[in-house]
């Protein structure tokens, strides 16, 4: 039987090796900056972008999400999550809501409620999930579920940043709730710690503006 000091020494060596491996992985990770624009060249907000490469699925711990109901609106109106993410639906309004989805990627219903339901909703399939409220017809939101740990959502300036991407060959995908067709994919190559940039153009279908919260 090994002496206690020998066991402790072996454990320390294993921990040191593990930290060295983590440091090595981070040293070869990069950030991918993606500029998203519509077919008129204007920056496009709330677009999902994600990278697909060999072995990308499930590499990161899955995240938790939250979609609130405030002023009779879903906040945020667009959420991007990885397959396997649990999302909470806290109701911050003084009125009750009845949240539902009939989308193939996730069918669920949270019947008339206030506060925060005890059980979050598990999004276990990739694809588009359209949310609605059975009490307030104007309330609409979108969840886009990706089967990749490397994803982001564009801001008002149309920029999305995907961090901590290991070196390798990837395919860049994009989605927007108002897209008229699936955007073209782009090849992205990461070598070392370089931070590549990519652009995505999305053709939108005509849409009426989102309704404002009723007063």
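Quick check on residue 117: is it more than 23 Å from residue 52 (Cβ to Cβ), touching a residue at least 12 places away in the same chain (Cβ under 8 Å) and either surrounded by fewer than 16 Cβ atoms within 10 Å (Cβ to Cβ) or touching a strand residue (DSSP E or B) at 6+ places or on another chain (Cβ under 7 Å) (or both)?
Judged against the criteria, residue 117 is a match.
Give the number of residues within the stretch 132-190 that are within 20 Å of residue 81 (Cα to Cα), out of contact with any helix residue (DSSP H, G or I) (no Cβ under 9 Å at 6 or more places or on another chain) and part of a strand (DSSP E or B).
Number of matching residues: 24.
For the stretch 16-34: of the residues being more than 27 Å from residue 87 (Cα to Cα) and at pLDDT 70 or above, which is surrounded by the most Cβ atoms within 10 Å (Cβ to Cβ)?
If we take residues in the stretch 16-34 being more than 27 Å from residue 87 (Cα to Cα) and at pLDDT 70 or above, then 30 is surrounded by the most Cβ atoms within 10 Å (Cβ to Cβ).
Is there a residue being over 28 Å from residue 196 (Cα atoms) and out of contact with any strand residue (DSSP E or B) (no Cβ under 8 Å at 6 or more places or on another chain) anywhere in the stretch 120-140?
For the stretch 120-140, residues over 28 Å from residue 196 (Cα atoms) and out of contact with any strand residue (DSSP E or B) (no Cβ under 8 Å at 6 or more places or on another chain): present.
Determine, yes or no, whether residue 201 is in a strand (DSSP E or B), touching a residue at least 40 places away in the same chain (Cβ under 8 Å) and either closer than 16 Å to residue 34 by Cα or within 19 Å of the chain's Cα centre (by Cα) (or both).
yes
The values are calculated or read from the model by the stated rules, or taken from the named source; none is laboratory data. Predicted model, so just to flag it, every value in this text is computed and none were measured. Every residue, glycine as well, gets a Cβ built from its backbone with ideal geometry; the counts of neighbours run over all protein chains shown.
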